[in-house]
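Down below is the structure, laid out as structure tokens.
The values are calculated or read from the model by the stated rules, or taken from the named source; none is laboratory data. None of these values were measured; they are calculated from a predicted model. Every residue, glycine as well, gets a Cβ built from its backbone with ideal geometry; the counts of neighbours run over all protein chains shown. Ligands, DNA and RNA are stripped out before the accessible areas are found, and what is left, the full protein with its side chains, is counted by its heavy atoms. Shrake-Rupley method; radii C 1.70, N 1.55, O 1.52, S 1.80 Å.
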Amino acid sequence: MTEETPGFEEKPDVPSGATSDDAEPKAAPEEGAAPAGDGHAGNAGLVAQLDQVRTALNERTADLQRLQAEYQNYRRRVERDRIAVKEIAIANLLTELLPVLDDIGRAREHGELVGGFKSVAESLETVAAKMGLQQFGKEGEPFDPTIHEALMHSYAPDVTETTCVAILQPGYRIGERTIRPARVAVAEPQPGAQTVKAEGAEETPAADDKENGGPDEG
């Protein structure tokens with residue numbers, strides 16, 4: 001038997017002229033390793049992409065805010081139009097009822113508003129008032145051409161300005177909107193009354209001086 005000498009290990013044969021380093025395989029370069037100096041370029045690219053994303057986000061946010069503002073304006077316009085249409089419809093309905101209300105008023109003046117007719121008439125007036133109908137026009141108030149329509153004209157010594165002396169037909173309004181002016185008879189001051197009054201006022205001090213003795217004549 002052949003005895004192996006302890007401490008010695010068999011090595012593979014190495015060709016003559018080759019070193020031991022040539023026998024060991026070299027480690028392959030790691031895959032995906034970036035060359036030196038490429039890290040800064042990669043960071044710059046990420047920063048540029050981030051700026052683009054921020055710009056796009058700001059644009060989309062501005063678009064959304066503009067759409068929200070347009071939607072709010074649209075809702076306000078729709079609500080305003082809805083209210084206007086409702087007011088016009090109510091005004092048209094009440095305008096058609098004005099002749100009926102005039103008949104009720106004349107019946108009341110002549111004492112003919114009695115019995116069941118009185119109850120129906122008062123119910124109709126109550127409903128019209130709930131819908132916003134307001135009556136105006138009173139005797140003795142100054143004439144206003146924006147709400148009054150003069151059908152008769154006269155002169156009176158006891159008025160100082162053009163005054164409504166009789167209400168021929170009451171006026172009606174809904175809120176600030178007049179749907180029918182009050183038809184009235186007006187009276188103006190008597191021509192020459194102001195002049196006569198002014199002349200009388202000027203003569204009064206002279207009369208007082210005479211009564212008080214006045215200055216002695218030289």
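In a shell of Cβ-Cβ distance under 14 Å around L113, excluding L113 itself, what net charge do Lys and Arg (+1) and Asp and Glu (-1) give?
So the surrounding residues net to -3.
Can you tell me which of 67-77, 142-152 comes out highest on packing, and rank the rest after it, using the mean Cβ neighbours within 10 Å?
On the way: 67-77: 10.0, 142-152: 13.8.
Highest-to-lowest ranking by the protection proxy: 142-152, 67-77.
With a 1.4 Å probe and all protein chains in place, put K86, K138 in order of accessible area, largest first.
In descending accessible area the options line up as K138, K86.
Starting at the first residue of segment 62-70, write each ³J(HN,Hα) from the Karplus equation 6.51 cos²θ - 1.76 cosθ + 1.60 with θ = phi - 60°, in whole Hz, x for Gly and Pro.
Whole-Hz 3J(HN,Hα) from phi for segment 62-70: 4, 4, 5, 5, 5, 5, 5, 5, 5.
Local charge sum around E79 (other residues, Cβ-Cβ under 14 Å, Lys/Arg +1, Asp/Glu -1)?
On the way: positive: R75, R76, R77, R80, R82, K86; negative: D81, E87.
Overall, the nearby charge balance is +4.
Can you pull the percent of Cα pairs in segment 45-124 with separation above 22 Å?
Of the Cα pairs, 63 percent sit more than 22 Å apart.
Show me 119-127, 45-53 ranked by packing, highest mean number of other Cβ atoms within 10 Å first.
Details: 119-127: 13.1, 45-53: 9.9.
The densest-packed peptide leads the list: 119-127, 45-53.
Taking amide H atoms as placed 1.01 Å from N in the peptide plane, list the residues 5 or more away in sequence, or in a different chain, whose amide H sits under 5 Å from that of V186.
L151, M152, H153, S154, V165
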